[in-house]
Amino acid sequence: MKKVTKEELLEKASRWGKIAPPYHAFYQGKVEVMPKCAIRTINDFSIWYTPGVAAVCRRIVENPDVAFEETSKWNYVAVVSDGTRVLGLGNIGGLAGLPVMEGKALLFKYLGGVDAFPLSIATKDAEEIIQFCKWIEPTFGGINLEDIEKPKCFYILERLRKELEIPIWHDDQQGTALVILAGLINALKIVGKKLGEVKVTFIGAGAACTRTFYVLKAAGVNPGHVIMTDSKGILHTGREDIKGTYKWELAEQTNAEGRTGGIRDALKGSDVLIALSRPGPGVLKKEDIAVMADDAIVFSCANPIPEIWPWEAKEAGARIVATGRSDFPNQVNNSLGFPAVFRGALDVRARTITDEMCIAGAMELAKFAEEKGIDENYIIPTMEEWEVFPREAVAVALKAIEQGVARRKLSRDELYERASSIIRRTQEIVKLLMEKGYIAPPPPSPA
């Protein structure tokens, strides 16, 4: 097999940014609204609209749960963003963030069969965002919060989880935690280490790292074995600058040995590195990776460029490397989480999405990959393996039923058949529309 050069890898990594603008311009967006009911003659509108629809309205007045049966509320999810923390681009605003929200809606539909609506909003005020979500609750079965800056994202998520009766999910927090846990479970099996014993270093203390820490803790990681860093260094209880912030709680729970210093000090002897900080390359150096323990596991997940290139981490001694990119092995991508999590939550009409539901999803992802045969370049499924999504949805739904947050109870077989048929239907419709030419082939690639 021909060895790929670093230059070829760099060129490959930049390819997608060249293709995206002309493709987006060609299709003028990525999702659209289509009828799903029969329209045989114009008279059918008397059923779907007035006067017939009034009977459905009256039924919902008498019993609000009818809305889950006789409208699309059961499958509607709002993707809500103020555009303050978009990918690695920062605070670019709702309008500039809209392409990302449309992409999210596309993934929801194709991988989870969920009808998601991109809602980029013209406010950055936390209370207004909360109020907006309350106002739209009657329409939706769930809300996905997206690309909202810290620390307000923590506050918004917790308030909405308490005050609304539909699942609220912040993908930058819960979604990231789910897929990293899934990858970590299998990576540890390969290197022969245990979740409760490993030393874990986080580079970054933002929304993604914070929730990932709490989910890993719930899954069995010893918090005392965790070291977290921010832009000023290691979090510890001697740092007066973090008192009164969410970081203080992190400092109190982690870093049992009271380590101080910078990134390299944090990584010394660490078994696992989880980097969710700012786009690289160069945020992490080879010399940083070199001080880690033998058989080190590196999650370098900043987008669009990881904190360190995978080949550099390997050259420095890492055994397993994961990134957020599809053009390198071991893509840790939230798209493996949120479509299936919402599929499962919606199918049992869950009132919330708990950390335990996230862990159940992660364990199913890991199990699926293990059954396929894990190795150093395959620790987590890929988005092409569509069969994993209904399985993950079932795991999430069953955990919701077990925890008492589901409005209805279905058997494992019922849940699997439902999720499989919904997801398969979407993918078959897209294929049919492409075959018939209603979805045109994209223009020639410029790259």
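The values are calculated or read from the model by the stated rules, or taken from the named source; none is laboratory data. Everything quoted here is computed from the prediction, not taken from an experiment. Ideal geometry is used to build each Cβ from the backbone, glycine not excepted, and the neighbour counts take in all protein chains shown.
In table form, for the structure just shown:
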| item | result |
| --- | --- |
| Qualifying positions in region 313-347 - in contact with a helix residue (DSSP H, G or I) (Cβ under 8 Å, 6 or more places away or on another chain), crowded, with 21+ Cβ neighbours inside 10 Å and over 30 Å from Glu137 (Cβ atoms) | Ala313, Ala318, Ile320, Val321, Ala322, Thr323, Arg325, Asn330, Val332 |
| The one condition in (1) crowded, with 16+ Cβ neighbours inside 10 Å; (2) of a type outside the set (A, V, I, L, M); (3) farther than 21 Å from Leu216 by Cα that Lys286 fails to fulfil | (1) |
| Residue in region 343-351 that is under 19 Å from Cys209 (Cβ atoms) and at pLDDT 95 or above present | no |
| Close pairs (9 angstrom Cβ cut-off, 6 or more residues apart or separate chains): on the phi > 0 side of the Ramachandran plot in region 365-377, aromatic (Phe, Trp, Tyr) and buried (at least 21 other Cβ atoms within 10 Å of the Cβ) anywhere | none |
| Top-ranked residue in region 290-316 [being within 25 Å of Asp172 (Cα to Cα) and in a helix (DSSP H, G or I); ranked as farthest from the chain's Cα centre (by Cα)] | Ala313 |
| Residue count, region 250-265 (criterion: part of a helix (DSSP H, G or I) and either in contact with a helix residue (DSSP H, G or I) (Cβ under 9 Å, 6 or more places away or on another chain) or within 22 Å of Gly183 (Cα to Cα) (or both)) | 5 |
| Subset tally (residues that are crowded, with 16+ Cβ neighbours inside 10 Å and among the small types (Gly, Ala, Ser)) for region 371-394 | 1 |
| Top-ranked residue in region 326-356 [being of a type in the set (Phe, Trp, Tyr) and in a helix (DSSP H, G or I); ranked as nearest to Glu146 (Cα to Cα)] | Phe338 |
| Test for Val86: is it modelled with pLDDT of 95 or more, touching a Gly at 6+ places or on another chain (Cβ under 6 Å), buried (at least 17 other Cβ atoms within 10 Å of the Cβ) and hydrophobic (A, V, I, L, M, F, W, C) | no |
| Residues (at pLDDT below 95 and surrounded by 21 or more Cβ atoms within 10 Å (Cβ to Cβ)) located in region 289-304 | Cys301, Ala302 |
| Leading residue by the ranking (surrounded by the fewest Cβ atoms within 10 Å (Cβ to Cβ)) among those in region 224-249 that are part of a loop (DSSP other than H, G, I, E, B) and among the basic types (Lys, Arg) | Lys243 |
| Leu250 being without any contact (Cβ under 8 Å) to a residue 60 or more places away in the chain and of a type in the set (A, V, I, L, M, F, W, C) | yes |
| Glu364 farther than 19 Å from Ala419 by Cβ and either modelled with pLDDT of 95 or more or among the basic types (Lys, Arg) (or both) | no |
| Hey, Ile274 closer than 19 Å to Asp327 by Cβ and among the β-branched types (Val, Ile, Thr) or not | no |
| Matching option when the condition is under 22 Å from the mean Cα position of the chain (by Cα) and either of a type in the set (A, V, I, L, M) or over 19 Å from Asn334 (Cα atoms) (or both), among Val272, Val198 | Val272 |
| Any hit, region 407-423, residues being in the same structural domain as Val348 (by TED's automatic domain parsing), part of a helix (DSSP H, G or I) and among the β-branched types (Val, Ile, Thr) | yes |
| Residue satisfying all of: in region 16-31; of a type in the set (Phe, Trp, Tyr) and surrounded by 13 or more Cβ atoms within 10 Å (Cβ to Cβ); farthest from Tyr438 (Cα to Cα) among these | Trp16 |
| Positions within region 404-429 being in contact (Cβ under 8 Å) with a residue 40 or more places away in the chain and touching a helix residue (DSSP H, G or I) at 6+ places or on another chain (Cβ under 6 Å), in sequence order | Ala406, Lys409, Leu415, Arg418, Ala419, Ile423, Thr426 |
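Residues are listed down the side, and each one gets a yes or a no for (1) in a helix (DSSP H, G or I); (2) of a type in the set (D, E, K, R); (3) over 15 Å from Pro138 (Cα atoms):
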position: Pro51; (1), (2), (3): no, no, yes
position: Cys57; (1), (2), (3): yes, no, no
position: Pro64; (1), (2), (3): no, no, no
position: Gly88; (1), (2), (3): no, no, yes
